[in-house]
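The values are calculated or read from the model by the stated rules, or taken from the named source; none is laboratory data. Since we're looking at a predicted model, the values are computed, not measured. When we count neighbours, we look across all protein chains shown, and the Cβ atoms used for this are built from the backbone with ideal geometry, even at glycine.
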Amino acid sequence: MKSLLGILAIALFVCATVPSAVNGGTNTSERPTTLLVVRHADRQGSDDALSPAGLQRARDLAWVGGLAGVNAIYRSDTRRTMLTAEPLAKAAAITPVVYPARDVDQLIRRILDEHCGETVLVVGHSNTVPLIVAAAGGPASPDLPEDRYDDLFVVTIFRGKASVAHLRYGAGSN
């Protein structure tokens, strides 16, 4: 139940922060760009794979991403980020873009150039998620704890200003 309430809160937050296009048009300058930034789902030990809990978290993320209207998916070049993004990619018929994990400035520039006014999922790692959020205009923060996989950062960029909501999704990971 706690997990469902968290997912519903995320969906409501994203929907409330995305204004409709003016007069039903598609002028993306009047719409915010929303990034859903997550760490890959729960790892299977030290393998580059997901645990059963991680596979469930990836399905939870697909549901959240579907409700949020994700238009594009970016992930690093590891198997665990591919497996995390895969359920949403299949459900939404989106081919994820693979990005170099440490080149966050170029990643944010590309997203803003190619997906202005859209909602984009970015799947990273415990040490890159804070860098991605900061590059998008959010605050600097330390690496995510190694045993936590349920963080979801919603970065909304509108008219050059970013706001960040730090939420959780799926089952609690610690």
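General observations
- Just one residue in the set 18, 38 is modelled with pLDDT under 95, under 20 Å from residue 164 (Cα atoms) and touching a strand residue (DSSP E or B) at 6+ places or on another chain (Cβ under 8 Å); that residue is 18.
- Subset of the range 60-70 (residues that are touching a Ser or Thr at 6+ places or on another chain (Cβ under 6 Å) and crowded, with 21+ Cβ neighbours inside 10 Å): 68, 70
- None of 93, 101 is in contact with a His (Cβ under 7 Å, 6 or more places away or on another chain) and surrounded by fewer than 21 Cβ atoms within 10 Å (Cβ to Cβ) except 101.
- For the range 44-59, the tally of residues that are of a type in the set (D, E, K, R) and crowded, with 21+ Cβ neighbours inside 10 Å stands at 1.
- Among the residues of the range 117-134, some residue qualifies, meaning at least one is among the small types (Gly, Ala, Ser) and under 11 Å from residue 37 (Cβ atoms).
- Of the residues examined, residue 44 is not one that is in contact (Cβ under 8 Å) with a residue 40 or more places away in the chain, over 12 Å from the mean Cα position of the chain (by Cα) and under 21 Å from residue 170 (Cα atoms).
- Residue 85, sole failed condition from (1) touching a residue at least 40 places away in the same chain (Cβ under 8 Å); (2) surrounded by 22 or more Cβ atoms within 10 Å (Cβ to Cβ); (3) closer than 15 Å to residue 65 by Cβ; (4) not basic (Lys, Arg): (1)
- Evaluation of residue 174 against (1) within 14 Å of the chain's Cα centre (by Cα); (2) at pLDDT below 95; (3) not aromatic (Phe, Trp, Tyr) (one fails), failing number: (1)
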